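Where a number appears in this text, it was derived from the coordinates with a stated rule and is not lab data. Because the structure is predicted, anything quoted here is derived from the model rather than measured. Note that we place each Cβ from the backbone using ideal geometry, even for glycine, and neighbour counts take in every protein chain shown.
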Amino acid sequence: MSEQPLFKVTIDNITVEVPAGTTILNAARKIGGDVAPPAMCYYSKLEGSGGKCRTCLVEVSKGSEKDPRPMPKLVASCRTTVMDGMEVKNITSDRVIDARNGVVEFLLINHPLDCPVCDQAGECHLQDLSYEHGKAGTRYEFQRRTFKKHDLGDKIQLHMTRCILCYRCVFTADQLTGKREHGVLDRGDHAEIATYIEKNLDNEFIGNVIDVCPVGALTDKTFRFKNRVWFLKPVDAHRDCPTCSGKVTLWNRGDEVYRVTARKDQWGEVEDWICNTCRFDKKQTSDWVIEGPRLIDRHSVIAQGHYAGTVGTHKPTETFEAVHAGRQPKLLMDIHSVSEVNQADITLSKLDRPAHSTDFKNNKD
Ligand code: SF4
Ligand code: FES
């Protein structure tokens, strides 16, 4: 079998060798850091994804060794394959930065600015992108899109106004479940996902659409309004699951499990798809074998909490028993009675509904 030829490509003055057929985006990811363009719709685990959002635009300043002419227009790096000797500019190109600012402005035309109440805040790719490329004001004077409400059952919440039509959830449903679950209906200003999704929510893997959604359009109802992600500590855990790999990240506060998600890599992509039972029904620490703190690679607000520090962070050994001659710890303090957050008699993570204002301390009377 002949070996695949390696192509040399230079991105932002850094040269890397990749097999023929690699996209510019994946070549840039091989270099890593800021050289890798942002990607709102491409998802390496989903076949056919990419080419929708244009956030990954780059400038090709030299086409190849054989034909060194630059490409006249910026290209979507997730859909353009490298050529031998190609030279690409990402953050070193003013044209790219200017275009990316424009793309973000377009994405925000219809996306509501409801980050303060959105469950995705703190881990939203559009929020990150807006901080880097957004403007404080808007030039848009028209009414934003509104939609008929779709009820996706008691586990998944759809906010169509937040959707950026990246199609990731459509591909996820299509490719994980083996049958068509839902799609993007209509076109242009009227385009929306859903309709058929209501009919197919019984699928064991449908919860993964929550993890692939780059914004807060699809969120976990069992976690809704219960906590902000930056107050939670992510830990890796696993269980012996007959349906999926059982490898997840738990989002805990104290010993309470508030949310269960799939583990995500440094590009924010799911490592292993998880089933609905692991995601929605296993909310006790006793359901899981804890492995240790989750390393959050992305420059997200969660990582800013410095909870999961550097590579090689280990779960500390339990010292209480050791220093108390094997005695088990007694409950020293009930966080709910002193936290001033939620009512002492209400455990937010155990509510089988979204939390609302009456569950919080200042709103009892
Ligand atoms: S709901 Fe989320 S994942 Fe689905 S198309 Fe919209 S933004 Fe993408
Ligand atoms: S990530 Fe390339 S177009 Fe969306």
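How do 7, 360, 142, 231 rank when sorted from fewest to most other Cβ atoms within 10 Å of their own Cβ?
142, 231, 360, 7
Rank these for me by crowding, 232, 152, going from fewest to most other beta carbons within 10 Å.
152, 232
Among rounded, prolate and oblate, which fits the stretch 16-57 when a ≥ b ≥ c are the square roots of the eigenvalues of its C-alpha gyration tensor, a/c under 1.5 means rounded, and a/b larger than b/c means prolate?
Oblate shape, in that a/c is at least 1.5 and b/c is the bigger or equal ratio.
Taking amide hydrogens as modeled 1.01 Å from N in the peptide plane, which residues meet the under 5 Å criterion relative to residue 252, leaving out close sequence neighbours?
233, 235, 258
Going by average Cβ neighbours within 10 Å, how do the peptides 89-95, 33-39 rank, with the highest at the top?
33-39, 89-95
For a quick check: with amide H placed at 1.01 Å from N, whose amide H comes under 5 Å from residue 147's, ignoring anything fewer than 5 positions away on the same chain?
Under 5 Å from the amide H of residue 147: no residue qualifies.
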